[in-house]
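Asker: Below you'll find the structure I mean.
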Amino acid sequence: MSLFDQLQADLNAARKAQDKARVLVLGTIFSDAKNKKIEVRRDLSDEEVIDVLRKGIKRRRESIEMYTGKRDDLAAKERDEVVVLEAYLPAAVSDDEIRVAVRAVIAGGATQIGAVMGKVLPQFKGRAEGSTINAIAREELSRQG
């Protein structure tokens, strides 16, 4: 079953269970995925659905930062939504695995952050946050200098 179909099935199950919070978050993400499907005019691959999920998670994390300290109730709601969405993502890569790849690229002659990111980011697409990769790459580059 594709990830798109899985989202639809889970959304329908949440509706039947009358789980309002889950229906809201899955409905929003499923709608985003449907819009992407209309935009590209074909069925989405699992990688494209994962991109939609990551964007949804990123939006919610930005909201959490905004609400923290002012509206903790809304921040908690957003955190719960992030947990629901993260369940659909593939297993994340460990920092050590990223560090090994970054060191290999640096050893291959990359000395600028852009060059390192350009080679490492595609290796972990959909399995690691760009910000995590960037932080590790900067740390490793500073050790070289």
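Values in this text are rule-based calculations from the coordinates and carry no lab data. In this text, all values refer to a predicted model and were calculated from it rather than measured experimentally. As a convention, Cβ positions derive from the backbone with ideal geometry for all residues, glycine included, and neighbour counts pool all protein chains shown.
Asker: Over the chain, what is the relative contact order in whole percent, taking alpha-carbon pairs under 8 Å and six or more residues apart?
Answerer: 19 percent
Asker: Given R₀ = 30 Å, what would the calculated FRET efficiency be for Ser94 paired with Met1, taking r from the Cβ atoms and rounding to 0.05?
Answerer: 0.60
Asker: Taking 7 Å along the Cα-to-C-beta vector as the label spot, tell me the Gln18-Asp80 distance in nanometres, rounded to one decimal.
Answerer: Reported label-point gap for Gln18 and Asp80 is 1.7 nm.
Asker: Let me check against my output: what whole-number percent is the relative contact order of the range 3-86, with C-alpha pairs under 8 Å and at least 6 apart?
Answerer: On the way: 58 pairs, mean separation 23.7, N = 84.
Dividing the mean separation by the residue count of the range 3-86 yields 28 percent.
Asker: Counting other C-beta atoms within 10 Å, which of Met117, Met1, Met66 has the fewest, and how do the rest follow?
Answerer: So the ranking, lowest neighbour count to highest, is Met1, Met66, Met117.
Asker: Report the net charge of residues surrounding Met1, where surrounding means a beta-carbon distance below 14 angstrom and charges are Lys +1, Arg +1, Asp -1, Glu -1.
Answerer: Surrounding charge for Met1 is -4.
Asker: Between Lys55, Lys37, Lys70, where does the largest GNM mean-square fluctuation fall for the chain, given springs only between Cα atoms within less than 10 Å?
Answerer: Residue with maximal mean-square fluctuation among Lys55, Lys37, Lys70: Lys70.
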